[in-house]
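Rule-based calculations on the coordinates, nothing more; no lab input. Just so you know, these numbers come straight off a predicted model, no measurement behind them. Cβ atoms come from the backbone with ideal geometry, glycine included; neighbour counts cover every protein chain shown.
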């Protein structure tokens with residue numbers, strides 16, 4: 001029996017109202033009321049939180065102790081409020097991944113599995129009511145103008161979910177595409193579907209851009225939405241140039257829906273969905289890491305959850321008029337920060353944006369790159385360059401750029417390796433251009 005669309009419609013209308021009318025002190029009061037309600041529920045129903053938050057004043061929730069993914073997964077059985085065992089949920093999630101059937105649930109709850117690019121796979125549980133709330137909100141925040149007819153949406157991800165399927169309805173026709181599917185098959189299906197909106201990781205969208213340029217892809221969506229990977233500026237510019245449409249973003253993870261692009265293209269924190277506290281990073285020059293409290297999730301409460309991401313927040317107001325804060329850039333994760341030794345013998349962090357510019361500004365012939373740091377002061381750079389370009393010339397230019405950048409930050413010269421060709425990325429895995437695989 002199909003679920004009633006009424007809960008989705010209700011949350012769609014409520015999300016529209018909150019976006020328009022929650023401002024300033026009214027928004028702060030709303031966040032506090034929701035956070036205190038979620039924390040009280042978690043204390044009562046989740047043994048982990050009962051112990052973790054013992055002795056802390058509910059009214060001082062913004063100062064409560066933080067948690068992270070390792071903590072959540074280590075205490076999963078008592079972290080969720082329904083007593084779902086980690087082993088049972090993981091079994092369902094892994095079978096879904098292997099069999100490519102994402103419909104099974106645990107105790108009526110949708111189970112999802114994160115990609116685990118940080119080395120720690122995360123599980124999430126979502127109730128039918130939470131699914132409806134998410135679906136209504138994501139529709140309200142991504143469909144900026146009500147369409148005259150249902151929009152066709154092609155959605156590429158590693159795995160499907162009941163959560164995503166809930167989005168389909170009167171406003172849009174939703175079709176999931178498996179990232180594991182051969183690209184030629186996806187292109188053929190897209191040519192038949194002719195989607196209005198194309199959603200996927202930027203690496204996949206890049207392959208589709210090449211198919212469009214070669215004349216293989218005839219579908220011409222009116223908008224692209226980047227998900228699951230960092231959308232770097234050069235990728236955004238290339239996609240917009242090839243498709244000739246705007247590229248927006250959805251910033252979501254196991255811990256919740258964090259930010260969505262508005263009609264003007266700015267990536268707004270969803271302040272009515274999450275309370276996001278920005279913790280400054282040491283030596284980050286304005287960069288922050290987010291601490292998230294989800295204001296709605298009761299099955300798997302997310303309270304003062306420290307993410308591993310590196311963000312830059314925008315200082316100027318958005319042209320759309322919303323006061324919700326704007327993320328200027330998602331640079332990557334704290335694991336993507338590389339370290340080099342200063343002449344004073346200290347470790348200086350180099351953030352992903354600095355590393356990207358250090359490489360790409362060396363030559364316009366560099367089409368793709370990967371950086372790997374195994375220990376401080378060492379860096380291996382893998383490059384893909386334009387055909388018939390002398391690689392030795394590019395390698396020298398990159399070496400000079402790295403040396404100049406390090407000198408500009410008063411750092412000692414690095415032990416540098418520049419290699420032609422990219423490292424293999426398994427099919428369906430998230431792309432990571434910067435990886436620190438050893439200690440800083």
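Based on Cα contacts under 8 Å between residues 6+ apart, the range 6-126 shows a relative contact order of 15 percent. Given springs between every Cα pair under 10 Å in a Gaussian network model of the chain, which of 285, 314, 36 has the largest fluctuation? Sorting by GNM fluctuation, first place goes to 285.
Does the range 318-438 come out rounded, prolate or oblate by the C-alpha gyration tensor, with a ≥ b ≥ c the root eigenvalues, rounded set by a/c under 1.5 and, if not, prolate when a/b is larger than b/c and oblate if not?
The shape class here is oblate.
Of the residues 354, 142, 110, the one that moves most in a GNM of the chain with alpha-carbon contacts below 10 Å is 354.
Identify which of 235, 68, 410 has the largest mean-square fluctuation in a Gaussian network model of the chain, with springs joining Cα atoms closer than 10 Å. Largest GNM mean-square fluctuation: 410. Extent of the chain along its three principal axes (Cα atoms, max minus min coordinate, largest first): 62, 57, 45 Å.
Note on the chain: antiparallel DSSP beta bridges, both residues inside, total approximately 60 percent of the bridges counted. Considering only alpha-carbon pairs that sit under 8 angstrom and 6 or more positions apart, the relative contact order computed for the range 217-350 is 17 percent.
On the basis of the beta-carbon distance and an R0 of 25 Å, residue 308 and residue 375 show a calculated FRET efficiency of 0.80. For the range 6-126, what does the alpha-carbon gyration tensor say about shape, rounded, prolate or oblate, given a ≥ b ≥ c as the root eigenvalues, a/c under 1.5 as rounded, and a/b over b/c as prolate? Taking the square roots of the gyration eigenvalues as a ≥ b ≥ c, the range 6-126 is oblate. Of interest is the spacing of the C-alpha centroids, which for the range 190-208 and the range 34-84 amounts to 39 Å.
A helix-only calculation puts the chain at -10500 deg cm²/dmol for mean residue ellipticity at 222 nm, using -39500 (n - 2.57) for each DSSP H run of at least four residues, averaged over all residues.
Over the range 172-264, the pair-distance histogram of Cα-Cα distances with 10 Å bins from zero comes to 15, 52, 30, 4 percent, rounded to whole numbers.
Give the shape of the range 222-344 as rounded, prolate or oblate, defined through the alpha-carbon gyration tensor: a ≥ b ≥ c are the square roots of its eigenvalues, a/c under 1.5 means rounded, and otherwise the shape is prolate if a/b is larger than b/c and oblate if not. Verdict is oblate for the range 222-344. Placing pseudo-labels 7 Å out from each Cα toward the beta carbon at residue 78 and residue 105 gives an inter-label distance of 2.8 nm.
Only beta bridges with both residues in the range 314-436 are counted; by DSSP, about 55 percent of them are antiparallel. Using C-alpha pairs under 8 Å with a sequence gap of at least 6, the mean separation divided by the residue count of the chain gives a relative contact order of 13 percent.
At R0 = 41 Å, how high is the FRET efficiency between residue 410 and residue 85 if r is their beta carbon distance? Nearest 0.05 is fine. Efficiency computed from Cβ-Cβ geometry: 0.20. Ordered by the number of other Cβ atoms lying within 10 Å of each residue's own Cβ, fewest first, 64, 180, 72, 90 fall into the sequence 180, 90, 64, 72.
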